[in-house]
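Accompanying notes for the structure given below.
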Amino acid sequence: MSGWETVIGLETHVQLRTRSKMFCGCATAFGASPNTQVCPVCLGLPGALPVPNGEAMKLAVRAALALGCTVHSKSVFARKNYFYPDLPKGYQISQHDEPLATQGSLSFLSPERGLVTASILRLHVEEDAGKSLHDRFPKVTAVDLNRSGVPLIEIVGGPDLRSPAEARAYLLTLKQVLEYTGISDCDMEKGSLRVDANVSVRPTGASELGTRAEVKNINSFAFVEKALTVERDRQIALRESGGTVVQQTMLYDSKDNMVRPQRSKEESHDYRYFPEPDLPPLVLTPEFVAEQQSALPELPAGKRERFVTQYGLTRDHAAVLTASRGVADYYEAVVRAGADARAAANWVMTEGLADANDHGDELRVPPAALAQIVALVKGGTLSHQAAKRVFGEVAARGGDPRTIAEALGLVQVADTTVVAGWVTDVLGAHAPEVGRYKNGETKLMAFFVGQVMRASKGKADPKLAQRVLEEKLAS
Ligand SMILES: [Zn+2]
């Protein structure tokens, strides 16, 4: 918006993809009956002692490395104290003064500024709280502690984003990295990725940050841009009418598309952090960190660049094909099966993704079969149109593309004698057009090719038909 610059920083909570909780053996599976995945540790019963989940630590370190952070050889668990009904211990185990990792970055494509590198200030490990259910019983709040103790990382981004659209692009890129690396399923609807945003505005050109408000309760990717736009517009309207922005937490309400201040009673600013006495400092050996580094797959940005150089794709096409690891792997399998890289890219991006979109994201045509379809088109056996039908058949029922093409009568006739017969018939039936063509109206070639295709019921190889037509019309 003219006259004002928006400054946004995101704090993202991500559930690590582990089978058990952060400090006990309880399951983390989504959708279990309330309070069935609990034990003395995650219920906070007296005397129960936490034990860190090794798998969670591996995933957290991989996340930090994938985001270019410095992973510290020593970090410290801390108690974050606050009172809330869904927090039976009265504190959450988190990290505070000495987090697992700091000083990373994430490059993403901004819709306004091109490639932007946003800073990651810190990444730390913590456990989730339980869940208050306000809609299960009339007039009472129920508590489900299945989430209590689920392992999370919090990724704190710097104030480097300049618009709600940029915040969305950043978040989608972060999600892509976390999905690629298998760190999280990042399903916002299930609560495995949650985002809070610090938003402020300042006059364009100013260097000091304005007073920020925190926006919470953004529970779907679809709402990220909307919620931040509402908050930005609220702050600008406030400033333009001579008011001042108060530092406070705003809750987004997606039903009315508005933000409202959180009641001050719900706020708890003084967490009185102190080191967790039941857990020693977390010490990571260089070998452990190196192992996690080598366990990381190729990251999306690197894969995108490689697709451009190795397969001669445009950056846009490479971005589409690397958007998810599944699609990227599929595309490369098609190329490995012998398909021309650029033709394969077009098939995967159009027919492949359209079919997957209609069938639960499943890429139903096996890579070898798609490679064969691409080759049949390239070799002139199938027209592009016919190949699409074969693709549809293979997707729905499986089978060998060439056999299917033959069974459906789709194989193009590339036999010169046969095609020449059709050409003779067509030229004989259109004497006036032949005369006009010979008098220089060469654009009639398209008409003749069309007539040959019609006479052959679509089976003639159009390139061959044109060649034979040119020969006969020249004589
Ligand atoms: Zn437990």
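One table, with the values for the structure above:
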item	result
0 to 90° range, to nearest 10: angle between helix 445-455 axis and the chain longest Cα axis	90 degrees
Between helix 325-336 and the chain: long-axis angle, C-alpha atoms, 0 to 90°, nearest 10	30 degrees
Taking D415, D340 and counting other C-beta atoms within 10 Å, the order from fewest to most	D415, D340
Cβ-Cβ FRET estimate between A29 and A323, R0 fixed at 45 Å, reported to 0.05	0.95
N346 paired with L45, simple spin-label distance in nm, labels 7 Å along Cα-to-beta-carbon	6.6 nm
The chain, relative contact order in percent, only Cα pairs under 8 angstrom and at least six apart counted	14 percent
Taking the stretch 21-159 and dividing mean pair separation by its residue count, relative contact order in percent (alpha carbons under 8 Å, at least six apart)	25 percent
0 to 90° range, to nearest 10: angle between helix 462-474 axis and the chain longest Cα axis	30 degrees
The stretch 298-404: relative contact order in percent, alpha carbon pairs under 8 Å with at least 6 residues between	21 percent
Footprinting exposure proxy for M22, M445 (fewest neighbouring C-beta atoms within 10 Å first)	M445, M22
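FYI, it's all coordinate maths here, none of it is from the lab. None of the values given here were measured: they were computed from a predicted structure. Virtual Cβ from ideal backbone geometry, glycine too; neighbours counted across all protein chains shown.
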